[in-house]
There are 2 protein chains.
Amino acid sequence: MSSMTRGSQSIYFGEPPYILSSGSVVGKKEGEGPLGTQFDMVDESNMLGEETWEAAESTMQKEACLLAIGKAGLKPQDIRYLYGGDLLRQGIATSMGVEALQIPMFGLFGACSTSGEALALSAMSVAAGYGDRILAVTSSHFGSAEKEFRFPLGYATQRPLSAQWTVTGSGAFVVGLDKSHIRISGVTIGKIVDYGLKDSQNMGACMAPAACDTIMRNFEDFGRTGEEYDHIITGDLGYIGSEILHDLIKKKGNDIADKHLDCGKLIFDQETQDTHAGGSGCGCAATTLAAHILSKVEQGEWKRILFVPTGALMSTVSYNEGESVPGIAHGVVIEHC
Amino acid sequence: MSSMTRGSQSIYFGEPPYILSSGSVVGKKEGEGPLGTQFDMVDESNMLGEETWEAAESTMQKEACLLAIGKAGLKPQDIRYLYGGDLLRQGIATSMGVEALQIPMFGLFGACSTSGEALALSAMSVAAGYGDRILAVTSSHFGSAEKEFRFPLGYATQRPLSAQWTVTGSGAFVVGLDKSHIRISGVTIGKIVDYGLKDSQNMGACMAPAACDTIMRNFEDFGRTGEEYDHIITGDLGYIGSEILHDLIKKKGNDIADKHLDCGKLIFDQETQDTHAGGSGCGCAATTLAAHILSKVEQGEWKRILFVPTGALMSTVSYNEGESVPGIAHGVVIEHC
């Protein structure tokens, strides 16, 4: 067996699978942000020719998948399995989005950590010989997410400063055996971490403890410190969650502030784009990885990174019934080769 | 590599993982049904000491997990990973239910096919060496599901005869390397199958085409006919969906009617329990497998079965926006040894 378990939560791949290609599709605001020119497709209307936010999100997923598959020189029938998910109830953005591809599929839900979950399972499946090429995809949409978790946009509700802006975007990745310059060398699967926070408008704070837990577990399982990563890149802690993460990690005797990046901070311009605490959503980490991070790894500018998408586990029902908002985070070690 | 891919959608395990134990917890109506004496725990109140249907469903999941872990002579920390999901928006029954176990977890969504998805991924992970013991769990609850998909029970809405009754129940399974008399010898992962049906009150009809597709694909990938299975057991097609499945399979030149069973028909008494088209929900297939089917396999009464949980991919949002209700089904080959 070429792959080994490492410590209690991690897997180290003896023959690491490759990320062969990626596809990223985003909306207008993301296109106007600092990474705007790096996305494969920007849809200025945010609707992708559809009549509802949900259908737009589905179409975005399909397009991201087709872009990733096409860039790898493949067709949908060359993909053995698909791992995908989104934020909407019963994962309809994914079900309706990938249906046309007719790839056998595993539906996932990990809130905004889903891109880490999908990449981890794709890498695990390729490394185990369950498929030569496997597709990972996630998405989020500002319109569908506001409707799902808060109110439809037409209500024009005011957002608190601790709120994050759900990214309109979908990122897809082909993971496989064919060689590229990007490998997934290991994964660290997260536990649910609950500090008892109940403010669904401060997701960064709810997710930071889970990010801390997964990062520290990754260090322990792989016998590493932060020094061995060029960057540790969380999914969507945003400005508030990132500060909390730095404090929590310091309390554990480490300091990652100088090498920590967060996709929720990278994707929007804090000065000009008025997103309050930064970006969020399944699509935030996925599109930032696809459009920005992977090219840095591919070119060798970054040799090894720890990608840690973070999710807040809640629904309007759990929130209204007084439940707390626990977090979860999955770590994916991505290396240049 | 001991495991091989078979055909386009299936995996055959050279060294099949074992199902070490199972746990089943159900509500009052299920306890009064034909399988009533076979469940591990029946809660007459349906609330498991909680104040909301959602919290009751979460507690049911936790109890089912603890039962399965305990029956295998293990503790939660002996379980390396957990695969779980449920029907509620953002999978909160699972997140809130398994949180206390502190097992690294992969959240899933496959509607009522989730027990098949969780068992397949657990078996794939064990066979790949990613863990010696992995837990699969799913649940549903009549109260939380009616509220999620239709109306809260207090509204006392009338159900059409084609509607199925969501099972209040949770089933959990420990899959591992330790020997038992039950093995998972292979899996067939389903595609999304959409015949364009839009009636969310006739789920059986929406899911039957997906069941047909996965069963036929299983036969093809493994070079088998129905003759090589003692039973083919679908998750929750119920009375209407089962008839449709038989017709669809006949059109493909096969006939499985004499060896087909459906958990939605097994779990309630059609004469006395007034469930209309039968039982449904993630918990239907999971608890029927845990309490009834596995004991038949364990004792060798059934040597090889094909377990095919079926899911209808929809939400109130997709339904209200006019989308169809596609289906998905995952096949798990379970053998006596």
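Miscellaneous remarks
- On inspection, B:PHE142 does not qualify as within 12 Å of another protein chain (Cβ to nearest Cβ), at negative phi and open to solvent by 10 Å² or more (accessible area, probe 1.4 Å).
- Residues in the stretch A:316-337 that are among the small types (Gly, Ala, Ser) and more than 19 Å from the chain's Cα centre (by Cα): A:SER318, A:GLY322, A:SER324.
- Just one of (1) touching a Lys or Arg at 6+ places or on another chain (Cβ under 9 Å); (2) touching a residue at least 24 places away in the same chain (Cβ under 8 Å); (3) crowded, with 24+ Cβ neighbours inside 10 Å fails for B:PHE173. It is (1).
- One residue from B:GLU51, B:GLU57, B:GLU99 being more than 24 Å from B:GLU335 (Cα to Cα), acidic (Asp, Glu) and touching a Pro at 6+ places or on another chain (Cβ under 8 Å): B:GLU99
- A:ILE92 vs. criteria assigned to a loop (DSSP other than H, G, I, E, B) and either within 13 Å of chain B (Cβ to nearest Cβ) or free of Cβ contacts under 8 Å to residues at least 12 places away in the same chain (or both): no
- A:MET41 being open to solvent by 10 Å² or more (accessible area, probe 1.4 Å), under 30 Å from A:ASP213 (Cα atoms) and either within 21 Å of the chain's Cα centre (by Cα) or among the aliphatic types (A, V, I, L, M) (or both): no
- Of note, B:ALA291 satisfies the criterion of being farther than 13 Å from B:ILE232 by Cα, open to solvent by less than 30 Å² (accessible area, probe 1.4 Å), away from chain A (no Cβ under 14 Å) and among the hydrophobic types (A, V, I, L, M, F, W, C).
- Check on B:THR52, more than 19 Å from the chain's Cα centre (by Cα) and either at pLDDT below 95 or within 23 Å of B:HIS276 (Cα to Cα) (or both): no
- Residue list for the stretch B:95-105, restricted to those being facing chain A (nearest Cβ under 8 Å), in a helix (DSSP H, G or I) and surrounded by 24 or more Cβ atoms within 10 Å (Cβ to Cβ): B:SER95, B:MET96, B:VAL98
- Any chance B:SER242 is of a type in the set (S, T, N, Q), under 25 Å from A:SER95 (Cα atoms), within 14 Å of chain A (Cβ to nearest Cβ) and not in a loop (DSSP other than H, G, I, E, B): no
- Residues that are buried (at least 22 other Cβ atoms within 10 Å of the Cβ) and closer than 23 Å to A:GLU321 by Cβ, drawn from the stretch B:63-81: B:ALA64, B:CYS65
- Criterion violated by A:LEU266 - all others in (1) crowded, with 23+ Cβ neighbours inside 10 Å; (2) touching a helix residue (DSSP H, G or I) at 6+ places or on another chain (Cβ under 6 Å); (3) under 30 Å from A:PHE149 (Cα atoms); (4) hydrophobic (A, V, I, L, M, F, W, C) satisfied: (1)
- Residue in the stretch A:53-71 that is within 13 Å of another protein chain (Cβ to nearest Cβ), without any contact (Cβ under 8 Å) to a residue 60 or more places away in the chain, not in a helix (DSSP H, G or I) and not aromatic (Phe, Trp, Tyr) present: no
- Pairs meeting the criteria (first residue in the stretch B:27-48 and over 14 Å from B:ALA64 (Cα atoms), second residue open to solvent by 20 Å² or more (accessible area, probe 1.4 Å) and at pLDDT below 95, beta carbons under 7 Å, at least 6 apart or on different chains) are lacking.
- The number of residues in the stretch A:305-321 being in contact with a Ser or Thr (Cβ under 9 Å, 6 or more places away or on another chain), within 26 Å of B:GLU146 (Cβ to Cβ) and more than 9 Å from chain B (Cβ to nearest Cβ) comes to 1.
- Comparison of B:GLU117, B:GLU148 shows that the only residue that is at the interface with chain A (Cβ under 7 Å from one of its Cβ atoms) and either in contact (Cβ under 8 Å) with a residue 60 or more places away in the chain or open to solvent by 10 Å² or more (accessible area, probe 1.4 Å) (or both) is B:GLU117.
This table checks each residue for (1) hydrophobic (A, V, I, L, M, F, W, C); (2) more than 22 Å from B:LEU121 (Cα to Cα).
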| residue | (1), (2) |
| --- | --- |
| B:ALA291 | yes, no |
| B:LYS296 | no, yes |
| B:GLN299 | no, yes |
| B:ILE305 | yes, no |
| B:GLY311 | no, no |
| B:GLY331 | no, no |
| B:CYS337 | yes, no |
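- Verdict on B:THR287 being among the polar types (S, T, N, Q), within 16 Å of the chain's Cα centre (by Cα) and more than 22 Å from B:PRO209 (Cβ to Cβ): yes
- Top-ranked residue in the stretch A:176-233 [being in a loop (DSSP other than H, G, I, E, B) and acidic (Asp, Glu); ranked as nearest to A:PRO76 (Cα to Cα)]: A:ASP178
- Flag for A:LEU108 being within 7 Å of chain B (Cβ to nearest Cβ), crowded, with 23+ Cβ neighbours inside 10 Å and either within 14 Å of B:PHE106 (Cβ to Cβ) or among the acidic types (Asp, Glu) (or both): yes
- Selection count where residues are within 14 Å of another protein chain (Cβ to nearest Cβ) and small (Gly, Ala, Ser), scope the stretch A:12-52: 1
- Every listed requirement among (1) charged (D, E, K, R); (2) more than 9 Å from chain A (Cβ to nearest Cβ); (3) in contact with a strand residue (DSSP E or B) (Cβ under 9 Å, 6 or more places away or on another chain); (4) open to solvent by 20 Å² or more (accessible area, probe 1.4 Å) is met by B:ASP86 save one, (4).
- For B:VAL137, the conditions (1) open to solvent by 10 Å² or more (accessible area, probe 1.4 Å); (2) away from every other protein chain (no Cβ under 13 Å) all hold with the exception of (1).
- For B:SER324, the conditions (1) more than 14 Å from chain A (Cβ to nearest Cβ); (2) at pLDDT 95 or above; (3) surrounded by fewer than 24 Cβ atoms within 10 Å (Cβ to Cβ) all hold with the exception of (1).
The values are calculated or read from the model by the stated rules, or taken from the named source; none is laboratory data. Predicted model, so just to flag it, every value in this text is computed and none were measured. Because the Cβ atoms are built from the backbone with ideal geometry, glycine has one as well, and the counts that use them run over all protein chains shown. These area figures cover heavy atoms from the full protein model, side chains too; ligands, DNA and RNA do not enter into them. Shrake-Rupley method; radii C 1.70, N 1.55, O 1.52, S 1.80 Å.
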